[in-house]
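Nothing in this text is a laboratory measurement; each read-out follows from the coordinates by a stated rule. All figures in this text were calculated on a predicted structure; none of them were measured in a lab. Here the Cβ is made from the backbone with ideal geometry for all residues, glycine too, and neighbour counts use every protein chain on show.
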Amino acid sequence: MMSDTPPPTSSTAASGSAPRLRRVLGMRDLILYGIVLIQPVGAVGIFGISDQKSFGHVTTTILFALVAMMLTAVSYGRMAGLYPEAGSAYTYVGRGLNPYLGFIAGWAMFLDYLVIPIVSVVYGAISMHQFVDGFFPGWSTNVANSLGVHFATELQASFIWIVLFAVLATFLNLRGIKWTASANVILTVIMFAVIAVFVVDAIRYLWTNQGWAGLLSIEPIYNPKTFDFHATCTATSLAALTYIGFDGITTLSEDVKDPKRTVPPAIVLVCLIIGLCVALQTYLAQRVWPDYTKFTDPDAAFFDVCKLIGGKFLFPAFTLTMAIACLGSALTGQVGAARILFGMGRDSALPRFFAKLDQHNNPVRNIWLIGIISLTGALSLNYEKAASLVNFGAFIAFMGVNAAVIREFFFRPPAGHKRNWFLDIILPGLAFVFCLSLWISLPTPAKVVGGIWCLAGIIYTGWKTNFFRKTPVMMDLSGG
C-alpha cells in the first residue's frame, strides 16, 4: 500500500541568518527511502481488478505504467535539480508554468491527500476480513448482520473492519501516537520476506504441476485471443497506483549531496525496482490463476492465489501484513492530510477554521474531519473507485511537471544549459502524452468527481485572487 512516511530530519548548519539542511544523503539512501515510501506490494490491491479489466493482461498494465512513470520520474528529477528546495509538483508547475496552474495542480494533489486514507481504510478492511474469515468463515458478515447492518455483499463483509480501521486511526492520531519511519522500514523488510516466500511457493507450485510450460509463457504479457488495447489502457490507469508516491523522493533534495546528479537516477531506479518486483508477482499470480473470469472477489484475488499455493502460512501472513501496512498508511495519511489542512488554514489558502491546534500541537478539528471523510468515503467507495480518484489528481500533477520541464529547459533554459531536443522536448513530451492517455482512460465517475473538484478549485482561486488579479496564496503540501 501507499506510505506517507515523512522524510528524515537532517541537521542544520548554523551559517547565515537562515538555517540550511546539511547535504548528507547519497544515491543508496534515496533508493532505500523511495522503496520504503512506495512499498513493494502494489500488485496485491490491483491484481484482480486490473486482470479482469485488461482481459488477462495485468502484467502488461504494470509494465505500461512503468514506462509512463519512469519518463515522468526523469522530469521530477530534473525539476528537483533546478529547484532543490521545492520538492512538490505544485511548486514545480507554479514556477515552471504559471502560479494559477500551480494552484490547480496543488488542488488536484490535495484531493489525493484526502482520498489516500480512504484507500488505506478500504484495503485494510478487505485484508483483515480475509485474515479473520480464513480462521472463522463468515464471522465478519455475521457480526454485521447481528448489528442490523445491511449493505452489498462485499461491503457487508468488510463493514465492521472499515469502521474499526477508521475509528482506530482517528483515535490514535488524536492521542498523538505516530507511525514512525522505523516501523515502515521494518514492515518493508517483512513485506519483502513475504514476497520472497510467495515467489518460491508460486515457482514450486507451477513447476510441480506444469513444469517449464507453467513457468515460462508470454500469455500474461500478450495473449492474442483476449488482448484489447483500449481495455489494457483503462486497466493501466488503475495499475499506475503501484507507483504513486515516487515523487516523495524529491522532498529530500535539500539533504542530498549532489541533487542534480543524484535525484533523477534515484527516482528512476526506484520506479524500476518497484515495477519489476510487482511485475514478477503479477506474472506468477497469472500463471497460477490464468482464468481471470473466475475470481470470487476481484479485490481479494491475490489472496486467493496465496491460499492456493501457500496454504496455511502464506495466506494469513500476506493478509495480516497488508492489514498492518494499511493501518500504518491510514495513520500517516490521515495526520498528513490534517496537517496540510492546518498549513493551508494558517497561510489563508483555506479558512482560519482549519488552523486550530490543541495543547499537544495536534490539528484536532482536521483529524476529526479527515476521520469522518475516511469513514464515509470507505463506506461509499470501493477500492477501485477510491484508487481511481487518487490517480486522477496524480496524473494532473504529472502532466504539469512534464510540461514545466519543457518550458524551463527548452523555452527558457537556465544559465549554462544547452537545449537538447531529446531531453528537453521529446522525453517529457512522451511522458506528458503517456500520462494524458492514462488520465483519459480513467473511469468516467473518477473524471466527473475529479472534474468537479478541480472546478471548485478554479472558482475558489478566482474568489481568493479577486478574479485572478492577484497571485494565488502558496499552499504548503508538505504536511509540516
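Compared with the dominant Cα axis of the chain, that is its longest principal axis, helix 181-210 is turned about 40°.
Here's the picture: charge each Lys and Arg Cβ at +1 and each Asp and Glu Cβ at -1 in the range 22-464, and of 416, 141, 176 the one pushed furthest to the positive end of that dipole is 416.
Listed values (1) 65, 53, 43; (2) 85, 54, 37; (3) 79, 50, 50 include one computed from this model; for Cα extents along the principal axes in Å that value carries the label (1). For the range 336-407 and the range 29-45, what is the centre-to-centre distance using only Cα atoms, to the nearest Å? The two parts, judged by their Cα centres, are 21 Å apart. Taking the centroid of alpha carbons for each part, the range 274-327 and the range 194-250 are 11 Å apart. Taking Cα atoms only, the orientation of helix 42-53 departs from the longest principal axis of the chain by about 70 degrees. Only the Cβ atoms of Lys and Arg (+1) and of Asp and Glu (-1) were treated as charged; on that basis the dipole of the chain about its Cα centre amounts to roughly 1320 debye. In the chain, a dipole from Cβ-located charges (positive for Lys and Arg, negative for Asp and Glu) runs towards its positive end, and of 213, 300, 357 it is 357 whose Cα lies farthest in that direction.
Here's the picture: charge each Lys and Arg Cβ at +1 and each Asp and Glu Cβ at -1 in the chain, and of 117, 96, 267 the one pushed furthest to the positive end of that dipole is 96.
Ranked by the mean number of other Cβ atoms within 10 Å per residue, highest first, peptides 357-369, 212-224, 276-288 order as 276-288, 357-369, 212-224. Between rounded, prolate and oblate, where does the range 24-164 land on the alpha carbon gyration tensor, with a ≥ b ≥ c its root eigenvalues, rounded for a/c under 1.5, else prolate if a/b exceeds b/c? Since a/c reaches 1.5 and a/b is larger than b/c, the shape of the range 24-164 is classed as prolate. Restricting attention to the chain, lysine pairs at least eight places apart or on different chains and with alpha-carbon atoms under 16 angstrom apart total 6. Cβ crowding within 10 Å, taken as a proxy for footprinting-reagent exposure, orders 249, 452 from fewest neighbours to most as 452, 249.
When the square roots of the Cα gyration tensor eigenvalues are ordered a ≥ b ≥ c, the ratio a/c for the range 128-251 is 1.5 or more and a/b exceeds b/c, which makes its shape prolate. Sequentially through the range 305-315, phi angles give Karplus couplings (6.51, -1.76, 1.60; θ = phi - 60°) of 5, 4, 5, 5, 9, x, x, 6, 8, 5, 4 Hz, Gly and Pro residues having no value and appearing as x. The coefficient of translational diffusion for the range 221-378, derived via Stokes-Einstein from the alpha carbon Kirkwood radius under 10 °C and 1.306 mPa s, stands at 81 µm²/s. When each of the peptides 423-432, 200-209 is scored by the mean number of other C-beta atoms lying within 10 Å of its residues, the order from highest to lowest reads 423-432, 200-209. Mind pulling the angle between the C-alpha long axis of helix 427-440 and the longest principal axis of the chain? Nearest 10 degrees, somewhere in 0 to 90. Here the helix axis deviates by roughly 60 degrees.
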